1. Could you list, in sequence order, all residues of region 42-93 that are farther than 23 Å from GLY163 by Cβ, of a type in the set (A, V, I, L, M) and touching a helix residue (DSSP H, G or I) at 6+ places or on another chain (Cβ under 7 Å)?
2. Residues that are in a loop (DSSP other than H, G, I, E, B), at pLDDT 95 or above and aliphatic (A, V, I, L, M): does region 154-172 have at least one?
3. For residues that are under 30 Å from GLU160 (Cβ atoms) and buried (at least 22 other Cβ atoms within 10 Å of the Cβ), tally how many sit in region 244-261.
4. Go through (1) within 23 Å of SER193 (Cα to Cα); (2) surrounded by 23 or more Cβ atoms within 10 Å (Cβ to Cβ) for ALA86 and report which single condition fails.
5. Scan ARG263, ARG259, ARG216 and give me the residue that is farther than 21 Å from VAL134 by Cβ, among the basic types (Lys, Arg) and out of contact with any helix residue (DSSP H, G or I) (no Cβ under 8 Å at 6 or more places or on another chain).
6. Could you say whether any residue in region 223-235 is under 23 Å from MET1 (Cα atoms), touching a Gly at 6+ places or on another chain (Cβ under 7 Å) and surrounded by 15 or more Cβ atoms within 10 Å (Cβ to Cβ)?
7. Can you pull out every residue in region 125-147 that is under 21 Å from the mean Cα position of the chain (by Cα), more than 18 Å from GLY238 (Cα to Cα) and in a helix (DSSP H, G or I)?
Amino acid sequence: MQYVMFTKHLEGRSIPEIVEALTSVGVSGADLCVRSGYPVNPENIHQALPEASRIFAEEGLSIPLVTAPGDFNHTGLDYAEKYYAACGEAGVGQIKIGYWHWSPGSHYWDEVDRVRNVLDGFQRLSENTGVKTVVHNHSGHSMGLNSSSIMNLVRGFDPEHIGVFADVGHLSICGEPIDMALDIVRDYLAVMSFKDLIRVPQKQEGRKSWGVDVVRIGTGFGDWETVLKTLRSMHFEGPISMHSEYGGEPVDTVIDLARTDMRFIKSCDAMIS
């Protein structure tokens, strides 16, 4: 399996420093966060992404995936074509785009139709550049909150161009049993996200509600033995993004926790091999 690390929480580090961190964690590359404020961003992507790819390759690492800004959820953005073209030219295989959300007063099936119209445009970008568009399942009011709902969005598109980014953490919060969840999206499964979440009580406007916290892998709701067994049975070969979303921690602590996460996953994998 190809393990990479999401670089969102390495913010402030240069590309050489990110390479050093990934090597330390023991992954084979990056799920590179290409957003404003990062070394590679929508403004400099044509120049900075090829240079980043070169530096990665010199160290035996790759960039199979980039994560776009959260509002990159339609193709009308002025940098959309440039973003895809730059990824294609740099050999990046997949782009995780932004999110669509249901809101009170809207009608779910109308929103599904709207999102599918948007995905038509993304599929054309993917066809033109050879870079697959991947849609991330995310808990909450996301239109793709679990496998069943994300299939309402992507079913019927060409899986060569439109894929699913399945997130174990979010599926553990509001998804189907994980082996079922992965089977539902089997034909579109392109990328995995490994992180662990728990639900936590909180108060919102004076009433009890439930929030979500990221915890160390192995201490949350994720059924990791079943995850790994299912991926093996499916012969999954796509990137697995270690999300290490320990926001609020110093970057060095994030790197330390990512090492711990990798050791846990490798030990689980060894037990079922």
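1. ILE55
2. The answer is no, given that none of the residues of region 154-172 is in a loop (DSSP other than H, G, I, E, B), at pLDDT 95 or above and aliphatic (A, V, I, L, M).
3. Number satisfying all stated conditions: 1.
4. It fails just one condition, (1).
5. ARG263
6. yes
7. LEU125, GLU127, THR129, listed by residue number.
The values are calculated or read from the model by the stated rules, or taken from the named source; none is laboratory data. Since the structure is predicted, the reported quantities are computational estimates derived from the model, not experimental observations. Virtual Cβ from ideal backbone geometry, glycine too; neighbours counted across all protein chains shown.
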